[in-house]
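Laboratory data are not the source of any read-out in this text; all were calculated from the coordinates shown. It should be emphasised that the depicted structure is a prediction, and the values quoted were computed from it without experimental measurement. No Cβ is skipped: glycine too gets one built from the backbone with ideal geometry, and neighbour counts run over all protein chains shown.
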Amino acid sequence: MPQYKGKIVAVVGGGNSALDATEYLAKIAQKVYLIHRRAEFRGEEILVEKVKAQDNVELVLDSVVSEIKGEQFVESVMVKNVKTEKESEIKVNGVFIEIGHVVNSTPVKEAVDLDNKNQIIIDDYGNTSEQGVFAAGDVASGDYKQIIIAAGEGAKAALSAYKYIQHKKGKTVPALDWSK
């Protein structure tokens, strides 16, 4: 994102991902338009307040992006207000779509149990329904999808995998010897 230093950008979304991206971009971009289809954000209130406190962030609420314009590069976005149906054009140098994610658990869908969001169901240690298979991060079950959480889950899953391998070799790992 450093290539957007001093540029005008748009972020589309209203959850934590969009708020995080907006907060980061506000530090480097000249202006950030945060476009959200509702009047209220779904993200954490502390993130909402941080974004609202930025002088170079403009909230474009009750609106959706109907078109991204430009020849070789983004030049503008067409924004439609969902209440008034009025369309307007906003000149921007870049657009960041931050409206959630699609979990890709296809490679393991036959091997482990998935929840209704196609996330791999894990316990507190990253164990899945298949012994010796561990998961962490955005593909794993859980409501919070942030880098720091994924990193922590990854560390737990790696330690669990290590413990599992040592156990298979007939060894114990006292520091990791939780009853599981």
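Quick notes on this one:
- Within the chain, the ratio Rg/Rh, alpha carbon atoms throughout and Rh by Kirkwood, equals 1.12.
- Residue with peak Gaussian network fluctuation, the chain [Cα springs, cutoff 10 Å], from 128, 22, 106: 106
- Dipole moment magnitude, nearest 20 debye, segment 2-97 about Cα centre, only Lys, Arg, Asp, Glu C-beta charged: 120
- Listed residues 60, 102, 32, most fluctuating in the chain (Gaussian network, C-alpha, under 10 Å): 102
- Computed [θ] at 222 nm, helices only, for the chain once each DSSP H run of length n ≥ 4 contributes -39500 (n - 2.57): -7500 deg cm²/dmol
- Distance between segment 116-165 and segment 10-43 - C-alpha centres, whole angstrom: 28
- Near residue 61, once Lys and Arg are set to +1 and Asp and Glu to -1 for all other residues with Cβ below 9 Å from its Cβ, the sum equals 0.
- When the chain is treated as a GNM with alpha-carbon contacts under 10 Å, the residue of 41, 73, 134 showing the greatest mean-square fluctuation is 73.
- Put a plus charge on the Cβ of each Lys and Arg, a minus charge on the Cβ of each Asp and Glu, and nothing anywhere else: the dipole of segment 106-167 about its Cα centre is then about 180 debye.
- Cα pair distances in segment 84-180, grouped into 10 Å bins until the bin that holds the longest one, percent each: 14, 36, 24, 13, 8, 4, 2
- The ranking of 58, 45 from fewest to most other beta carbons within 10 Å of each one's beta carbon is 45, 58.
- Overall dimensions of segment 2-97, expressed as equivalent-ellipsoid semi-axes from the Cα gyration tensor (√(5λ), whole Å, largest first), are 19, 18, 10.
- Trypsin sites (Lys or Arg not before Pro) restricted to DSSP loop in segment 45-84 with at most 15 other C-beta within 10 Å: 83
- Cut-off under 5 Å, modelled amide H: who pairs with residue 63 long-range: 36, 37, 38, 82
- Net lengthening on full extension, residue 161/residue 49 (0.36 nm per residue, minus Cα-Cα): 36.3 nm
- Normalised contact order of the chain, rounded percent, pairs of Cα under 8 Å and 6 or more residues apart: 15
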